[in-house]
1. Regarding residue 281, is this residue aliphatic (A, V, I, L, M) and surrounded by 12 or more Cβ atoms within 10 Å (Cβ to Cβ)?
2. Filter region 27-38 down to residues that are open to solvent by less than 80 Å² (accessible area, probe 1.4 Å) and within 23 Å of the chain's Cα centre (by Cα), then give me how many there are.
3. Anything in region 68-123 that is among the polar types (S, T, N, Q), open to solvent by less than 10 Å² (accessible area, probe 1.4 Å) and not in a strand (DSSP E or B)? List them, or say none.
4. In region 291-324, what residues are in contact with a Lys or Arg (Cβ under 8 Å, 6 or more places away or on another chain) and within 21 Å of residue 233 (Cα to Cα)?
5. Determine which single condition residue 256 fails, assuming it passes every other condition in (1) more than 26 Å from residue 64 (Cβ to Cβ); (2) modelled with pLDDT of 95 or more.
6. Among the residues in region 32-51, are any outside any loop (DSSP other than H, G, I, E, B), touching a Ser or Thr at 6+ places or on another chain (Cβ under 6 Å) and modelled with pLDDT of 95 or more?
7. All but one of (1) touching an Asp or Glu at 6+ places or on another chain (Cβ under 9 Å); (2) crowded, with 18+ Cβ neighbours inside 10 Å; (3) under 17 Å from residue 244 (Cβ atoms) hold for residue 215; state the number of the condition that does not hold.
8. Answer with yes or no whether residue 184 is more than 21 Å from the chain's Cα centre (by Cα), not aliphatic (A, V, I, L, M) and not in a strand (DSSP E or B).
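The values are calculated or read from the model by the stated rules, or taken from the named source; none is laboratory data. Fair warning: this is a prediction, and the values are worked out from it, not measured in the lab. With ideal geometry, Cβ positions are generated from the backbone for all residues, glycine too; neighbour counts draw on all protein chains shown. Heads up: the accessible areas ignore ligands, DNA and RNA and are worked out on the full protein's heavy atoms, side chains in. Shrake-Rupley method; radii C 1.70, N 1.55, O 1.52, S 1.80 Å.
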Amino acid sequence: MSSKEISLKPTRMRTHPHTTRSRLMLEVAAELVNRRDWPYLQARVSLREQGSGEWRVTLFGSDSPVTIWDVASGNVQFAIINPSMILKMAALGSSPFREPLPLRSIAVLPSSDQMVFAVTENTGLKSFTDIRERRFPLKISFRGQPDHSLHVIIDHVLSAAGFSLADIVSWGGEVRYDGGMPYGANRIGAVQRGEIHAVFDEGASTWGNMALELGMAFLALDEDLLQRLEILGLRRGLIERTNFSKLAGDVPTLDFSGWPIYTHQNTADTLVTDFCRALEASKDRIPWAEDAPLPLAQMVRDTPDGHLEVPLHPAAEEFWRERGYLT
C-alpha cells in the first residue's frame, strides 16, 4: 500500500465510541463534586439506550426521604439515604410514609453517628418531658435543608413526647431553620451569642464537644420515649462518655448511623447484579470516612455503624456471597 492510500482498518479505541460522550460528562461531574468550592454536590445520573425516548436506569446520590417514593414508584432504581433507620420506617409505613414500601438493600456504607439534642444549661431542662410540662419557650436551630431526614425524626421525637414545634412557638419560643452544619457561626455561634437555647442535629462527633465547651447539656431520651419511637422504626443510640469527656455519663439518644444503598424489591436481578459488580469494581475510587477502599465485607451485613434495616435484594445477596463477602 502506497503512502497515499488510506487504510480502512478501524482505529482501536480504549472505549466503545458511543460511550465517549457519557464518559466525558461522568468524569467531569466526578471532578466537579470533588472540589471544595463547588456548591452543586448532589448527583443524579440517568442512563438509556442511545436514541431511546425513555431513561431506563437512574442512580441518585440522594440524602432525603423524599427519594424513597421515587424508588418505590420505579422512577429511580438505586439511591442512598442517611440514616439507615429511615428505610425501616418506610418498610413499616410509619409517617411520612402512608403505607409499607417494598424496598431492599444493596449495601450499607458505615458511618457511626448519633442524634444530639443540646440545650443551654441556663434553661434548666433535663428531658423532653421538662419542655412539655414547663411549656418552655425554647429557641431552637434546626438544619436549613427542608427535605433532610432530621426533620422527620425530630417530628416523631416531639410527637412521642407529647408536643410539637407549633406548641413551642405558641409558648413564645422560636424555631429557626439555619443553613449549614451545627458547628457553624450561625448555629453554635448563635448559642454563644445568646440568641438561641438549643441545637437539635446529627453529627455528634463534629460538634458535640463544642456544645459541651459552651456549657450545653444533652437531653436524654427516657426508656418510655425510646420504646414508642422503636415501634415506628427508629433505632436507639448512645452518646458515650468515653468520646465526650465533659459528660457525666452516657446519654441515651437515637442512632443516626449508616448510609444504605437501596432499590425496589422487584428490581430485575440482572440489573442489581450489574450494579453490585460495578460497585465492587470501583471500591478503590469511592471516597468515604477512611482513606481506604470501600469495606464491602462490612457493608453487606448488619453492623453497629451500618444497619441493614431492610433485607438485601436477593440478587445482591447472591452476588456478595459468590464474591466471598458473605459466608
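1. Here the answer is no, as residue 281 does not meet what is asked.
2. So the answer is 5.
3. 84, 123
4. Hits for region 291-324 are 307, 308, 309, 310, 311, 312, 313.
5. (1)
6. Going through region 32-51, the residues outside any loop (DSSP other than H, G, I, E, B) turn out to be 32-33, 44-47.
Now restrict to residues that are touching a Ser or Thr at 6+ places or on another chain (Cβ under 6 Å): 46.
From what's left, modelled with pLDDT of 95 or more: 46.
There is at least one residue in region 32-51 that is outside any loop (DSSP other than H, G, I, E, B), touching a Ser or Thr at 6+ places or on another chain (Cβ under 6 Å) and modelled with pLDDT of 95 or more.
7. (2)
8. No: the conditions fail for residue 184.
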